[in-house]
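These notes are about the structure you will find just below.
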Amino acid sequence: MITTEKTSSIHDFMEQVKLKNPAQHDFHQAVHEVVESVYPFIDKHPRYKTAKILERIIEPDRIIIFRVCWEDDQGNIQINRGFRVQFSNAIGPYKGGLRFHPSVSLDTFKFLGFEQVFKNSLTTLPMGAAKGGSDFDPKGKSDNEVMRFCQAFMTELIRHIGKDTDVPAGDIGVGAREIGYLFGQHKRLTNRFTGILTGKSLEYGGSLIRKEATGYGCVFFVEEMLKNQGNSLDGKICTVSGSGNVAQYTTEKVIQLGGRVVTLSDSAGTIYDPEGVSIEKLEFVKDLKNVRRGRIKEYADKYGCTYIEGKTPWGVKCDVAFPSATQNELLLDDAKSLVSNGCIAVGEGANMPTEADAVKYFLSQGVLFGPAKAANAGGVAVSGLEMTQNSMRISWDRSDLEDRLKGIMQSIHSQCLEYSTDANGAPNYVDGANIAGFVKVAEAMLNYGIQ
Ligand code: NDP
Ligand code: 2IT
């Protein structure tokens, strides 16, 4: 329960954050959510307050911004901006994905890097937090253009990463193709074959289950939330947004657990397939999005279902929603419409896909709400397992890795329950994830003294 006094302290704290980080709205949103959970907790644990852990944890260790020049297929010189925000290495080497998307700014990478601090802590593995990428848009580029961009990007990034320093991976716009070009350039420049990236293909040091991990992990987390209430995904109607890596493997695991996914989307619109996406239809989506790089509308054309141009899936009736595309894609009105249509659980596959007011609404209605830093931590968790396998020069088998992933998601669920408050009869997993993620990093920071 937040008292008036605490609310005013949170308000003052946030005013300072806004003054120091002007116009970084996504970063403010991410910090505010954590501060709301952690402030009342810190009040009961003054050692964190005296050591100013909260003030320190919101300040990245360092920010790297660089120019990336490359030549397109017509011989024109193109200039992009590269970023790496190394947020915290308190509990392990910096770790987190790279995003290539024209919309990104420093704000994007600060919010994502900040979220990663708590997420990586929850995985139980020794990983610090970072995020990076570029305003480069891979859409419509040839493979050769993507290769030249990735080579130019790595030529600078190489100074800042390393297997014990900072280990990037994929995110929006960065999949197996981009990781291959980035890894290849690193190997060429250093003449060393080391695990400096995760999400690698299996032929050169990648881990089984990594590409499935975020989506599968998110579904395992939702299954745990439901199980805790004596329920399950079996027979549930699910809406999924996005149609990239996270959306595809969320869909696959929902199908395996007996649920039915009735929507997928991309930045142009949503398909609504009341019969459900089958494994065969999902294979079509994988080929469409990962190989041919086409639009989701082709699904509706091929299978004769509804295509809703320019809309997200949240108007469609469902039991469980999996926002798996991008930040702030699910707004307050969407939350109201989902709840009035009977939605009982939400698993955030994307990072911060639910706007702050919408999160509050879900909690006020007793919806089981799995926040991103808990629900989508499976991706980075299997990245952590990829790092271990690379260091040991071994590879674990598929079922072993899936079991480990499931075990990690169950552990994250228990950690959240340990610190959760009450949200109208349901556990408040937002408080649970923020506080549980905070404690491990804060304790490590106390060990290091003032730095
Ligand atoms: P992909 O690039 O594979 O897919 C992204 C999907 O989201 C595409 O369908 C894309 O549509 C859609 N999308 C992206 N940006 C926007 C936008 N601004 N508006 C509407 N739709 C958009 O990325 P991932 O699946 O890897 O990532 C999806 C989310 O999951 C992100 O929030 C990411 O940070 C998060 N995440 C990813 C992890 C991973 O391991 N990959 C791990 C944890 C979280 P279109 O093709 O039209 O652009
Ligand atoms: O947001 C995320 O956790 C990721 N994009 C995955 C990061 C990773 O290092 O695997």
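The values are calculated or read from the model by the stated rules, or taken from the named source; none is laboratory data. Everything numeric here is computed off the predicted structure, so don't read it as measured data. FYI the Cβ positions are ideal-geometry reconstructions off the backbone, even for glycines, and counts take in every protein chain you see. The accessibility values were calculated without ligands, DNA or RNA, using every heavy atom of the protein model including side chains. Shrake-Rupley method; radii C 1.70, N 1.55, O 1.52, S 1.80 Å.
Observations on the structure shown:
- Single residue of VAL359, VAL382 found to be more than 16 Å from ligand 2 (Cβ to nearest atom), within 20 Å of GLU115 (Cβ to Cβ) and either hydrophobic (A, V, I, L, M, F, W, C) or surrounded by 24 or more Cβ atoms within 10 Å (Cβ to Cβ) (or both): VAL359
- Residue, nearest to THR421 (Cα to Cα), within the range 362-379, restricted to residues that are within 14 Å of ligand 2 (Cβ to nearest atom) and not in a helix (DSSP H, G or I): PRO371
- The set of residues in the range 98-128 being near ligand 2 (Cβ under 9 Å from one of its atoms) and more than 12 Å from ALA381 (Cα to Cα) consists of LEU98, ARG99, LEU112, GLU115.
- Of all residues in the range 351-386, those satisfying the criterion of being within 9 Å of ligand 1 (Cβ to nearest atom) and out of contact with any strand residue (DSSP E or B) (no Cβ under 9 Å at 6 or more places or on another chain) are MET352, ALA377, GLY378, VAL382.
- Residue within the range 240-252 that is away from ligand 2 (no atom under 16 Å from the Cβ), out of contact with any strand residue (DSSP E or B) (no Cβ under 7 Å at 6 or more places or on another chain) and of a type outside the set (Asp, Glu) present: no
- Flag if GLY199 is within 16 Å of ligand 2 (Cβ to nearest atom), closer than 30 Å to CYS150 by Cα, open to solvent by less than 30 Å² (accessible area, probe 1.4 Å) and part of a loop (DSSP other than H, G, I, E, B): yes
- Residue in the range 159-166 that is within 16 Å of ligand 2 (Cβ to nearest atom) and within 18 Å of the chain's Cα centre (by Cα) present: yes
- LEU125 falls short on exactly one of the conditions (1) without any contact (Cβ under 8 Å) to a residue 60 or more places away in the chain; (2) out of contact with any strand residue (DSSP E or B) (no Cβ under 6 Å at 6 or more places or on another chain), and that condition is (1).
- Checking THR214 against (1) among the hydroxyl-bearing types (Ser, Thr, Tyr); (2) without any contact (Cβ under 8 Å) to a residue 60 or more places away in the chain; (3) surrounded by 24 or more Cβ atoms within 10 Å (Cβ to Cβ), the condition it does not meet: (2)
- Considering residues of the range 288-326 that are of a type in the set (Asp, Glu) and in contact with a Gly (Cβ under 9 Å, 6 or more places away or on another chain) only, the residue most open to solvent (accessible area, probe 1.4 Å): GLU309
- From THR155, THR194, residue being touching a Leu at 6+ places or on another chain (Cβ under 8 Å), open to solvent by 10 Å² or more (accessible area, probe 1.4 Å) and away from ligand 2 (no atom under 15 Å from the Cβ): THR155
- Pairs meeting the criteria (first residue in the range 101-121 and within 16 Å of GLN415 (Cα to Cα), second residue away from ligand 2 (no atom under 14 Å from the Cβ) and charged (D, E, K, R), beta carbons under 6 Å, at least 6 apart or on different chains) are SER121/LYS440.
- Filtered residue count, the range 217-241, keeping only those that are open to solvent by 50 Å² or more (accessible area, probe 1.4 Å) and within 11 Å of ligand 1 (Cβ to nearest atom): 0
- Residue that is surrounded by the most Cβ atoms within 10 Å (Cβ to Cβ) [pool: residues in the range 132-152 that are of a type in the set (Lys, Arg) and either out of contact with any strand residue (DSSP E or B) (no Cβ under 9 Å at 6 or more places or on another chain) or within 23 Å of THR214 (Cβ to Cβ) (or both)]: LYS141
One line per residue, one yes/no per condition, for (1) under 10 Å from GLY133 (Cα atoms); (2) at pLDDT 95 or above; (3) small (Gly, Ala, Ser):
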residue: GLY92; (1), (2), (3): no, yes, yes
residue: ARG99; (1), (2), (3): yes, yes, no
residue: LYS110; (1), (2), (3): no, yes, no
residue: GLN116; (1), (2), (3): no, yes, no
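- Some residue of the range 121-131 being open to solvent by less than 10 Å² (accessible area, probe 1.4 Å) and within 24 Å of SER267 (Cα to Cα): yes
- So ARG398, is it within 16 Å of ligand 2 (Cβ to nearest atom), among the basic types (Lys, Arg), out of contact with any Ser or Thr (no Cβ under 6 Å at 6 or more places or on another chain) and open to solvent by 10 Å² or more (accessible area, probe 1.4 Å): no
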